[in-house]
Amino acid sequence: MLLRRSYLFAFIILSGFILSLSSCKEDKKVIKQTEVTFKKEGVLTIFKSVDSTQVKLDIEIADTDFDIQTGLMYRNSMDTKQGMLFVFDDLKKRFFYMKNTKIPLDLVFINENKNIVSFQKNAKPFDESSLPSNFPAKYVLEINAGLVDTWSLSVGDSINYTKH
């Protein structure tokens, strides 16, 4: 009988303890990502070789290791006349991917003479597949997906940019 009461007492104590734990409020921490917004750092002009028309864009410039690694990650949108220009110290084949990039992009690969050498069109958000330049590039321009076709850009078109 004493053993039975001991078990019952232990059961009641344990049940009370469990009940008190489940009734406590949980402190859930919500981490809200800050949206990265566009910061105009320069102006870029694309000169079309076919009909000599021009396209002007406001650009952010990625020329530090951090900016090059981050690129357009964590952005929710970008205006049509905006882009990011990656500026590298050397000329070589480039490989990009869309990790943590929320918006579809066209990538424009540009050589040391500032001539377009190739494209990667309609890169899919969050896709980690390699997007190669196929030719050596010193600059890479990222713009909203579809704009390469909308603006009828071609290999051989050229760019120029100024920093602000």
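The values are calculated or read from the model by the stated rules, or taken from the named source; none is laboratory data. For clarity, every value in this text was computed on a predicted model and none was experimentally measured. Neighbour counts are summed over all protein chains in view; Cβ atoms, including those assigned to glycine, are modelled from backbone coordinates with ideal geometry. Note: areas computed on protein heavy atoms with side chains; ligands, DNA, RNA excluded. Shrake-Rupley method; radii C 1.70, N 1.55, O 1.52, S 1.80 Å.
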Practice task
Give me Rg over Rh for the stretch 50-152, both radii from the alpha carbons and Rh done the Kirkwood way, two decimal places.
Solution key: 0.93
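What's the ranking of 131-143, 77-89 by average number of surrounding C-beta atoms within 10 Å, highest first? Don't jump to the answer; show the numbers that get you there.
On the way: 131-143: 20.5, 77-89: 16.5.
Per-residue mean Cβ counts within 10 Å order the peptides as 131-143, 77-89.
For the ranges 35-44, 104-113, what's the packing order if you count other beta-carbon atoms within 10 Å of each residue, average per peptide, and put the highest first?
Result, highest mean Cβ count within 10 Å first: 104-113, 35-44.
Could you check how much of the accessible area of the stretch 88-164 is carbon and sulfur, as a whole percent, using a 1.4 Å probe? Spell out each step's value before the answer.
Details: 1840 of 3870 Å².
Carbon and sulfur together cover 48 percent of it.
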Handout entry: Rounded to whole Hz, the Karplus (6.51, -1.76, 1.60) HN-Hα couplings of the stretch 116-129, x for glycine and proline
Key = 5, 10, 5, 9, 10, 9, 6, 5, 7, x, 6, 7, 9, 5
Handout entry: Solvent-accessible heavy-atom area per residue, rounded to whole Å², over the stretch 25-161 at 1.4 Å
Key = 57 Å²
